[in-house]
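Quick note: the coordinates plus some simple rules give every number you see, no bench work behind them. In this text the structure is predicted, and so the values were computed from the model without any measurement. Counting neighbours? That spans all protein chains shown, and the Cβs are built from the backbone with ideal geometry, glycine included.
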Amino acid sequence: MKAAGYLVRVDELGRIVIPVRVRRALDFDKGACLELFTEDNTLVIRKYGSCCTFCHSDEELTEHMDKFICASCLQKLMAK
Ligand SMILES: [Zn+2]
């Protein structure tokens, strides 16, 4: 993908919106787990794969209604 040159603002909570065109081009679906890191004073965001909605683990995932939950968090929820 070519550099798009989108301008976004960081809100008071530190959030930004990734433009829909960029999300579609990079296949950043709702609930996608993204990895953020800095490199040469630049923020890099890349898809990490699927991860648990609660603890961000990527092990033993179960999907339910477009969300992922790991076995450990599922067990904790079931215990309540
Ligand atoms: Zn979890």
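Quick rundown of the values:
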| quantity | calculated |
| --- | --- |
| Any chance Glu39 is on the phi < 0 side of the Ramachandran plot and either within 14 Å of the ligand (Cβ to nearest atom) or over 15 Å from the mean Cα position of the chain (by Cα) (or both) | yes |
| Selected residue (only one of Arg23, Arg9, Arg15 is without any contact (Cβ under 8 Å) to a residue 12 or more places away in the chain and either among the acidic types (Asp, Glu) or surrounded by 13 or more Cβ atoms within 10 Å (Cβ to Cβ) (or both)) | Arg23 |
| All positions within region 42-62 that are charged (D, E, K, R) and away from the ligand (no atom under 13 Å from the Cβ) | Arg46, Lys47 |
| Pair list, Cβ under 8 Å, 6 or more apart: region 62-77 residue under 10 Å from Cys51 (Cα atoms), other residue of a type in the set (Phe, Trp, Tyr) and crowded, with 16+ Cβ neighbours inside 10 Å | Thr62/Phe68 |
